[in-house]
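Some notes on the structure that comes next.
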Amino acid sequence: QVQLVESGGGLVQPGGSLRLSCAASGSSFSFYVMGWYRQAPGKERELVATISSGRSTNYAVSVKGRATISRDNAKNTVYLQMNSLKPEDTAVYYCHAYVLAGPANYWGQGTQVTVSS
């Protein structure tokens, strides 16, 4: 069982920046494929970014150039840096872990990001 705890959400003005963090349990974090997803009201959950165990990254078109996903295996933590935030980035952001040994998917509880003036 992997537990994921997100932090760093909040209210930010358009054009601002935010860094989300996700702390994961487990001794095999470095092998997890980690990702960030988001869900806006009335919409389906969508991919924001993923990072593999080899640190290969993948981004949604809507955030490419504005978002950076990274991981610190020593801290069992994955980050999402979001810049030039837009109102349409408003959503609950969820951390996700894909564990190859299983396989299994795990989700965090989500953290609210609101972009508004």
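The values are calculated or read from the model by the stated rules, or taken from the named source; none is laboratory data. Here the structure is a predicted model, which is why all the values come from computation and not from measurement. Here the Cβ positions follow ideal geometry from the backbone for every residue, glycine too, while neighbour counts run over all protein chains shown. The area values use the complete protein model at the heavy-atom level, side chains included, leaving out ligands, DNA and RNA. Shrake-Rupley method; radii C 1.70, N 1.55, O 1.52, S 1.80 Å.
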Cα lying deepest toward the dipole's positive end in the range 25-117, options Tyr37, Asn73, Val113, charges on Cβ: Asn73
Accessible-area composition of the chain, carbon plus sulfur, in percent [1.4 Å probe]: 49 percent
Heavy-atom accessible area ranking, 1.4 Å probe, most first, across Asp89, Asp72: Asp72, Asp89
Solvent accessible area, Å² - Ile69, 1.4 Å probe, full protein context: 10 Å²
Selected from Val92, Val78, Val61 as most flexible by GNM, with the chain as the system and alpha-carbon contacts under 10 Å: Val61
Order of exposure, largest accessible area first, which applies to Glu46, Glu6, Glu88 with probe 1.4 Å: Glu88, Glu46, Glu6
Radius, Kirkwood style, for the range 68-117 when every pair of distinct Cα atoms is counted (Å): 12.8 Å
Under Karplus coefficients 6.51, -1.76 and 1.60, residue-wise ³J(HN,Hα) of the range 89-99 in Hz, glycine/proline x: 7, 4, 4, 8, 9, 10, 8, 9, 10, 10, 9
Selected from Leu100, Leu47, Leu11 as most flexible by GNM, with the chain as the system and alpha-carbon contacts under 10 Å: Leu100
Over the chain, relative contact order from alpha-carbon pairs under 8 Å, at least 6 apart, %: 36 percent
Rounded accessible area per residue of the range 25-93, 1.4 Å, Å²: 51 Å²
